[in-house]
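The values are calculated or read from the model by the stated rules, or taken from the named source; none is laboratory data. For clarity, every value in this text was computed on a predicted model and none was experimentally measured. Positions of Cβ are backbone-derived with ideal geometry, glycine not excepted, and every protein chain shown enters the neighbour counts. Remember, those area values only see protein heavy atoms, side chains included, never the ligands or the DNA or RNA. Shrake-Rupley method; radii C 1.70, N 1.55, O 1.52, S 1.80 Å.
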Amino acid sequence: MSKHTQGPWSVVGNRIVGGDTGTENYGQIASIDTDWRGDIVAGNARLIAAAPALAEALRIAYLAFAHDEEGPVWSDSLIAKTRAALEAAGVEL
């Protein structure tokens, strides 16, 4: 797995926080520019906060469904795009 603050992450105001609560590993992950419309700020914050869970879900889906004993199950383009997204996030397969 890539080196990042472990999830879950959550939204607190305009900040994304995460890590082990009450330890030195807990803290701010990011802050969201509040000059945007409120619904966009909230949506961006929720998406960023969901990043660890999304990466793990995609990793599990890739390992479970991209190939079976007979070869590729997903299309080649979906396999390539999924692998590229996981690699960009630093997720080990």
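With a Förster radius of 41 Å, plug the Cβ-Cβ distance of ALA30 and ALA66 into 1/(1 + (r/R0)^6) and report the FRET value to the nearest 0.05. Each step should come with its number before you reach the end.
Details: r = 30 Å, r/R0 = 0.73.
Once rounded, the FRET efficiency stands at 0.85.
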So with the 1.4 Å probe, I'd like the accessible area per residue for the chain, rounded to whole Å². 68
Would you please give the FRET efficiency between ASP20 and ALA57, computed as 1/(1 + (r/R0)^6) with r the Cβ-Cβ distance and R0 = 22 Å, to the nearest 0.05? 0.55
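Once the Cβ-Cβ distance between ILE79 and LEU47 is put in as r, and R0 is 41 Å, what FRET efficiency do you end up with, to the nearest 0.05? Walk me through the numbers on the way to the answer.
Values: r = 24 Å, r/R0 = 0.58.
FRET efficiency, ILE79 to LEU47: 0.95.
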Degrees separating the helix 38-49 axis from the principal Cα axis of the chain, which is the longest one: 50
Length gained if GLU92 through ASP39 is fully extended, taking 0.36 nm per residue and subtracting the Cα-Cα distance, is 15.7 nm
